[in-house]
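Have a look at the structure that comes next, please.
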Amino acid sequence: MYTISEIQKVLKGTWTLANPNSEIVHILQDSRKLVEPSTTLFFAIVGERLDGHEYLAELYDKGLRNFVVQKEEYLKDFKDCNVLLTSDSRLAMQDLAAHHRRQFQIPVVAITGSNGKTIVKEWCNQVLEDRFTICRSPKSYNSQIGVPLSVWSLNEKHNLAIFEAGISEPGEMSRLEKIIQANIGIFTTIGSAHSENFISDSHKIKEKLNLFLRVDTLIFCADIPSLNQNISVIFGKNSALAKVPKLLSWGKHENVSIRILEQESQLGQTQIRLSYQNKEYKIVLPFADYSSVQNAMHCVALMLHFSYKEKEINARLKLLQRVAMRLEQKKGINDSILINDSYNSDLDSLKIALEFLQQQQQSQNKTLILSDILQSGMTGIDLYTEVNDLLLKNKITRFIGIGPNLERHALLFRLENFTRGLYFFESTKAFLASVSDDEFDKETILLKGARKFEFEKISAALEEKAHATIMEIDLNALYHNLKFFSSKLKPGTKTMAMVKAFSYGAGSVEVAKLLEFNRVDYLGVAYADEGIALRKAGITLPILVLNPEERSFNAIIKFQLEPEIYSLDLLHSFREALSFSSYEGKFPIHIDVDTGMKRLGFEKEEVPALCDELKNLDCFEVKSIFSHLAASDEEGLDAFTEGQIALFDQLSKQLMQVLPNKPLLHIANSSGISRFPKAHYDMVRLGIGLYGFNSEFQEHLQTVARLKTKISQIKKVAKGESVGYGRKGKAKEDITIATIAIGYADGLNRLLSNGLGEVFVKGKRAPIIGNVCMDMAMIDITDIEGLEVGDLVEIFGDNISAAELAQKLNTIPYEVLTSVSERVKRVFFMD
């Protein structure tokens, strides 16, 4: 904790002080995450798309009075504030975090690399938490903003810190190094991630190595030639550095610090015999795949650095579990929402999970099920007093504590603060024995538990029961795609995100909440009932209804949706409906002009008559004029697209001449964004690109939806026997088949029958044999060993893309995604 007067001595600029003794506990750059206004210092950071200054008034109204800004005009009406006017708010945040770091003389581990940073950080925490009270980066906080936020969480109870750092362009790592000030470094690996701003892998390695210019020890795998070569040049015997670190290299070659002498993987484990400081060690890693072994070896090297003995190393390695990198959100029993973040439980990750819970507005009823927090370095009274404060600040309505420590400190939590109940149980088993399904109803439930409490059993008990097929929706990937397309727009260009057709099969409400949280400007739906569902779920963004039916006019008005108007008849009908309503003021509408799609919209010849109508209508406000590009993704039809854009220019100018306001203009869809920058106008409509499909930018987009099912049964089929309806699948030899729990009623197209379609299971492709049934399908697994009932099967996702399926079906990815039935459970993941 610092006072403003202490911070004034650290950060340079022009200060205006109303209360220099104000105490600062939290730093913040995201206005949506404000919890404690009185003790928070907000940094108004100017980004490529968002400007923190635009949210200052909102924060002021919520009681925040401490600001670091670049633009003082935004604060001219504020009173009683402490304000720093600086040239760069981001650098000011970094400087404050660097000052905070200098107050702690403890070991600090910095981790970088192209892949594995977060996993290595979490695993290092798992193996070292028996000896240390550790401060570590939350989730993947490794950016120019994430690192200072991570370092700020350091406090006097910590005796070790582990921070990860990532960069996307030259020059960034030097700034992060000054913040982290590490004395131990780990370089995980080098790969293609974020390569676009670097000349070569060597260039990227050298930039990343700037993180380690002042470390005492550097851990790395010497079996990666480019990494080993660059480290040898920069940190070797002929180094120009004033301080050269100890190089704790590991690998299979000679002249490494930790040499792997033997390595054998079997039955999901890897046994390694290694040599370190003239002593042999035999260790067992609980993984067999290459990436996990490599990541775990960095942890082994760090334990050796801290003088762990062989027995201790193996005991700690047994505790390693695959890191659940994501919050998992799914439907719970009785119309509840279940958020599962139970791979660990500590105070910092609890704060992040509660932030995510605050984003969910489906219900005001919020239940937290929390296990004992282990190895916090705090006394039980201090720890659970802080937990109680967090619950009150985040408006938890019911709290269920599980574990002997929580039970012992139950009196720190007061029943009157939890309107829906306060309960404590000694164990997960005791909770499950006492709970019944009807105790949870229409609420949001957050599970946060340490691994030993087996909260996966609670998750299984509280999730909605459904069949084995699921559609995983990666909200991190969706956010990445949104950011990528936003980066291609000129400053000030707005974004309408299309969430029609159940958000292209991804789940409208959950996707809309993410988009609203990340400040898109508009949502687009096809029909009014889609917009109504979003309003009922608490979405407040403007919503354009692209196909407003006359029977839905009253609902459109009631729920303040914004209709597309594409004909004079529709304009007249909606005006009549509005006249019979109690709505006051000008109702927002959007004018669709047809520039060549020949679907909906005013034709060129109809626009003069529309202009005459709009001159005399004072009950409407035209929010936008738009059109649809018919072939923006087809290079051979670019001349047609150019003609559409030119006609849109002409028609929109005609209409704007008679309007009292300047409406937004938009015509570009996802492919229009990528291929026709001049057509961005005031707003773009982002549809299929948001979900990871765009031929122009495909390599930059991430997979959002993964359709998965499970094996229900495995059978032997003799030569000459048939499989499925109509005996279409004939065994030409003895084969083994598996029945999987998905059929055409779930979205597995029947045209994929008889070998046209394949699935991905246990690292291999397996063809569909016989006809796809309504609820099941059969696959040939003859060449795949070790399969069992219950194994996961990918229909589309990372290994077989929806685009590949679409090509086989002679259709488009839109159809593949939207064909997935709503009876298929959607499971949402997010960091």
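The values are calculated or read from the model by the stated rules, or taken from the named source; none is laboratory data. Note that the coordinates shown come from a computational prediction; the quantities given were computed from them, not determined experimentally. Cβ coordinates were reconstructed from backbone atoms using ideal geometry, including for glycine residues, and neighbour counts include every protein chain displayed. These accessible areas exclude ligands, DNA and RNA; they are computed on the full protein's heavy atoms, side chains included. Shrake-Rupley method; radii C 1.70, N 1.55, O 1.52, S 1.80 Å.
Mind checking which strands (runs of 3 or more DSSP E) fall wholly inside region 556-664 and carry at least 3 residues that are on the phi < 0 side of the Ramachandran plot and open to solvent by 50 Å² or more (accessible area, probe 1.4 Å)?
Filter on region 556-664 gives an empty set.
Gln321 passes all but one of (1) within 20 Å of Asn115 (Cα to Cα); (2) open to solvent by 30 Å² or more (accessible area, probe 1.4 Å); (3) part of a helix (DSSP H, G or I); which number fails?
Gln321 satisfies all of (1) within 20 Å of Asn115 (Cα to Cα); (2) open to solvent by 30 Å² or more (accessible area, probe 1.4 Å); (3) part of a helix (DSSP H, G or I) except (3).
Does Leu391 satisfy the criteria of being closer than 27 Å to Gly332 by Cβ and under 32 Å from the mean Cα position of the chain (by Cα)?
yes
Kindly indicate whether Leu218 is within 14 Å of Ala301 (Cβ to Cβ) and either charged (D, E, K, R) or within 33 Å of the chain's Cα centre (by Cα) (or both).
yes
Can I ask one more? Under 9 Å between Cβ atoms, at least 6 apart or on separate chains: pull out the pairs that start in region 64-90 with a residue that is in contact (Cβ under 8 Å) with a residue 60 or more places away in the chain and end on any residue that is open to solvent by 90 Å² or more (accessible area, probe 1.4 Å).
From residues that are in contact (Cβ under 8 Å) with a residue 60 or more places away in the chain, the pairs are Val83/Glu72; Leu84/Lys12; Leu85/Glu72; Thr86/Lys12.
Here are some residues: Gln271, Gln277. Which one is under 30 Å from Gly786 (Cα atoms) and either free of Cβ contacts under 8 Å to residues at least 40 places away in the same chain or open to solvent by less than 50 Å² (accessible area, probe 1.4 Å) (or both)?
Exactly one of Gln271, Gln277 is under 30 Å from Gly786 (Cα atoms) and either free of Cβ contacts under 8 Å to residues at least 40 places away in the same chain or open to solvent by less than 50 Å² (accessible area, probe 1.4 Å) (or both), namely Gln271.
Taking into account only those residues within region 753-769 that are touching a Gly at 6+ places or on another chain (Cβ under 8 Å) and modelled with pLDDT under 95, which is nearest to Thr709 (Cα to Cα)?
Out of the qualifying residues, it is Lys762.
Taking Asp389 as meeting all but one of (1) touching a residue at least 40 places away in the same chain (Cβ under 8 Å); (2) closer than 18 Å to Leu354 by Cβ; (3) open to solvent by 20 Å² or more (accessible area, probe 1.4 Å), write down the number of the exception.
Unmet condition: (1).
Examine region 163-177 for a residue that is in contact (Cβ under 8 Å) with a residue 24 or more places away in the chain, small (Gly, Ala, Ser), in contact with a Phe, Trp or Tyr (Cβ under 8 Å, 6 or more places away or on another chain) and assigned to a loop (DSSP other than H, G, I, E, B), and state whether such a residue exists.
Scanning region 163-177, I find no residue that is in contact (Cβ under 8 Å) with a residue 24 or more places away in the chain, small (Gly, Ala, Ser), in contact with a Phe, Trp or Tyr (Cβ under 8 Å, 6 or more places away or on another chain) and assigned to a loop (DSSP other than H, G, I, E, B), so the answer is no.
Could you say whether any residue in region 432-442 is out of contact with any Gly (no Cβ under 7 Å at 6 or more places or on another chain), open to solvent by less than 20 Å² (accessible area, probe 1.4 Å) and at pLDDT below 95?
No, there is no match, as no residue in region 432-442 is out of contact with any Gly (no Cβ under 7 Å at 6 or more places or on another chain), open to solvent by less than 20 Å² (accessible area, probe 1.4 Å) and at pLDDT below 95.
When you scan region 285-313, how many residues do you find that are in contact with a Lys or Arg (Cβ under 8 Å, 6 or more places away or on another chain), at pLDDT 95 or above and surrounded by fewer than 18 Cβ atoms within 10 Å (Cβ to Cβ)?
2
Let me ask something else. If Ile369 meets every condition in (1) at pLDDT 95 or above; (2) of a type outside the set (D, E, K, R); (3) more than 22 Å from Phe828 (Cα to Cα); (4) open to solvent by less than 10 Å² (accessible area, probe 1.4 Å) apart from one, which number is that one?
Only one criterion in (1) at pLDDT 95 or above; (2) of a type outside the set (D, E, K, R); (3) more than 22 Å from Phe828 (Cα to Cα); (4) open to solvent by less than 10 Å² (accessible area, probe 1.4 Å) is unmet by Ile369, namely (3).
Can I ask one more? Find the residue count for region 450-498, including only residues that are in contact with a Leu (Cβ under 7 Å, 6 or more places away or on another chain) and either under 18 Å from Phe425 (Cα atoms) or surrounded by 19 or more Cβ atoms within 10 Å (Cβ to Cβ) (or both).
Qualifying residue count for the region: 19.
What pairs come up if the first residue lies in region 493-520 and is farther than 13 Å from Gly689 by Cα and among the charged types (D, E, K, R), the second is at pLDDT below 90 and assigned to a helix (DSSP H, G or I), and their beta carbons are under 7 Å apart, counting only those six or more places apart or on different chains?
Every condition considered, the pairs that remain are Lys513/Gln359.
Restricted to region 98-124, and to residues that are out of contact with any strand residue (DSSP E or B) (no Cβ under 8 Å at 6 or more places or on another chain) and among the aliphatic types (A, V, I, L, M), which residue is surrounded by the fewest Cβ atoms within 10 Å (Cβ to Cβ)?
Ala98
Still on this structure, I have one more. Determine which single condition Tyr55 fails, assuming it passes every other condition in (1) in contact (Cβ under 8 Å) with a residue 12 or more places away in the chain; (2) open to solvent by 10 Å² or more (accessible area, probe 1.4 Å); (3) under 23 Å from Ala165 (Cβ atoms); (4) within 23 Å of the chain's Cα centre (by Cα).
Unmet condition: (3).
Can you find, within region 396-427, the residue that is nearest to Leu354 (Cα to Cα) among those that are more than 32 Å from the chain's Cα centre (by Cα) and assigned to a loop (DSSP other than H, G, I, E, B)?
Among those residues, the one meeting the criterion is Phe413.
Right, another one. Could you look through region 185-215, keep only residues that are open to solvent by less than 10 Å² (accessible area, probe 1.4 Å) and either part of a loop (DSSP other than H, G, I, E, B) or of a type in the set (Ser, Thr, Tyr) (or both), and pick out the one that is nearest to Val300 (Cα to Cα)?
Out of the qualifying residues, it is Thr188.
On to the next question. Checking Glu733 against (1) assigned to a helix (DSSP H, G or I); (2) farther than 27 Å from Asp798 by Cα; (3) of a type in the set (Asp, Glu), which test does it fail?
It is condition (1) that Glu733 fails.
Follow-up. Of all the residues that make up region 58-73, how many are open to solvent by 80 Å² or more (accessible area, probe 1.4 Å), in contact with a helix residue (DSSP H, G or I) (Cβ under 9 Å, 6 or more places away or on another chain) and within 24 Å of Tyr2 (Cβ to Cβ)?
1
If only one of Leu544, Leu515 is open to solvent by less than 20 Å² (accessible area, probe 1.4 Å) and either of a type in the set (Asp, Glu) or not in a helix (DSSP H, G or I) (or both), which one is it?
Leu544
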